[in-house]
Structures are given as C-alpha cells and as structure tokens.
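What follows draws every value from the coordinates through simple rules; no lab data is involved. Being a predicted model, the structure only gives us computed values, none of them experimental. Quick reminder, even Gly has a Cβ in these numbers, built from the backbone with ideal geometry, and neighbours come from all protein chains shown.
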Amino acid sequence: MPKIAEIEDTPNPNAVKFVLKDRLTWGTACSFDSADSAACDPLASKLFAIPHVINVYYMDKWITVTQDGEADWPELVRKVAEPIRAAEVAQKPVSEAVANFDDDEPRLAAIRALLDEQVRPALVSDGGDLQIIGLDGNVLSIRYFGACGSCPSSLAGTLSAIGNLARTIEPDIEVVAL
C-alpha cells in the first residue's frame, strides 16, 4: 500500500498530483479518460467510481486525478486518497523494457530527444506528460496526459513552446495536439 508523501496543485485547476513514497509502476505510464477505459485497472476503476473524477494518469511514484470542475477539492482529495493508499505497490521488474525508437526518422528522433530533455520533465513535475504520436510530413502530432490533458496552459502556451523547439530542428514543422 503506497503512502502519500505530498499532494500538489497543478497548473490545471481541475487536477491534483499525488506524490507517493512507493511505486505504482516502473516506467510505465497509465492513462485513463473514462471509467470504460479503466475497466481493467483496479486503481483507476476505483477512482472513476468517485463522482466528478474524469481522468486518471499515473506513472512510477505519482498519480494525477482530474475532476470535472464541480467538486470541492478538499473533500474530493480525501475520497481519492483512500483507493490510492489501498493500491498495490509495483514490484521491480526482472528486466526493465525500454522503449526503442531506433526506427525513428532522424528528424523525429531529434525532436523526441529535445522534448524528452526540455519539455517532458516540466510536464511530469506538473502532474502530466506528453506522447509523440508521430510525424507525418511536417505535422508533429502529440497527445497530452494527466493534468496536461485538459489544461489551458498545455493546449496553448506549452503547445506553442513545443512548436518553437521543434522548429529549431525542422523550420517548417507544425505541432498539433490530438
């Protein structure tokens, strides 16, 4: 059972990040945007059973819960903390599988490295993350997760910053959030 070390506000007023003392995963991100998508995940299912919860995202030692904007955070935090504290702690895997992007084209590999170094750490510290979906011609598609998924800052400012960084590698790139 993981212990909650801290509860942090995020830039998204509808999302809160719980920092844990124990791991829920070892490098695997789990993102759910509905109770149906969470049906096979015991922790996410329990969180979606709480009224007003609309998104659950967790990885390693943190979990971000997003509400619909209708709940009182102090009350909702108490309800959400119960299933988090009751969750199973992840056991360290025998071998850690690392995503292999060797098949990335050089532009995409360079963009991925730049975002991994300069953008993703800030998003993770705010209770969110992003995934590069792909590069089709000069259109880079990304998807936000966790607190970033519905945050106005991500959908405007961060997306613009990602575009500016990507254009240092490819001047004609356009970045779109899916």
| task | Output the antiparallel fraction of DSSP beta bridges having both residues in the chain, as a percent to the nearest 5. | result | 85 percent
| task | Hey, could you get me the Stokes-Einstein D for the chain, Kirkwood radius over alpha-carbon pairs, 10 °C and 1.306 mPa s, rounded to whole µm² s⁻¹? | result | 93 µm²/s
| note | Inverse of <1/r> over all distinct C-alpha pairs of region 106-177, i.e. the Kirkwood Rh in Å, gives 11.9 Å
| field | Amide hydrogen neighbours beyond the local backbone of Glu170, cut-off 5 Å, H modeled | value | none
| request: Compute the signed sum of charges (Lys and Arg +1, Asp and Glu -1) over the other residues within less than 9 Å, Cβ to Cβ, of Lys3. | output: +1
| How much net charge surrounds Phe18 when only other residues with a Cβ under 14 Å from its Cβ are counted (Lys, Arg +1; Asp, Glu -1)? | +2
| Assigning unit charges at the beta carbon (Lys, Arg +1; Asp, Glu -1) and nothing else, what dipole magnitude in debye, to the nearest 20, does the chain show about its Cα centre? | 580 debye
| query | So which lysines pass the test for Lys21, namely a Cα distance under 16 Å, with those fewer than 8 places away in the same chain ruled out? | reply | Lys3, Lys61, Lys92
| message | Could you give each residue of region 131-140 its phi-based ³J(HN,Hα) in whole Hz, using Karplus coefficients 6.51, -1.76, 1.60 with θ = phi - 60°, and x for Gly or Pro? | response | 10, 7, 7, x, 10, 10, x, 10, 10, 8
| query | For region 106-177, with only Lys/Arg (+1) and Asp/Glu (-1) charged at the beta-carbon, what is the dipole magnitude about the Cα centre, in debye rounded to 20? | reply | 40 debye
| Taking Arg143, Arg78, Arg23 and counting other C-beta atoms within 10 Å, the order from fewest to most | Arg78, Arg143, Arg23
| note | Under 5 Å from the placed amide H of Trp62, counting only residues 5+ away or on other chains, we find Leu20, Leu24
| remark: Among Ala86, Pro42, Ile132, the residue whose Cα sits farthest towards the positive end of the charge dipole of the chain (+1 at Cβ of Lys and Arg, -1 at Cβ of Asp and Glu, taken about the Cα centre) is Ala86
| query | Quick one: Karplus J couplings for region 75-85, per residue in order, coefficients 6.51, -1.76, 1.60, θ = phi - 60°, nearest Hz, x for Gly and Pro? | reply | 5, 5, 4, 4, 5, 5, 5, 4, x, 5, 5
| task | Sort 47-54, 33-40 for me by packing, meaning the mean count of neighbouring Cβ atoms within 10 Å per residue, highest on top. | result | 47-54, 33-40
| message | Within a 10 angstrom radius of the beta carbon, how do Trp73, Trp62, Trp26 rank from fewest other beta carbons to most? | response | Trp26, Trp73, Trp62
| remark: Out of Gly163, Gly149, Gly128, a Gaussian network model of the chain with alpha-carbon springs under 10 Å gives the largest mean-square fluctuation to Gly163
| field | Additional length obtainable on full extension of the chain from Asp33 to Arg78, 0.36 nm per residue less Cα span | value | 14.1 nm
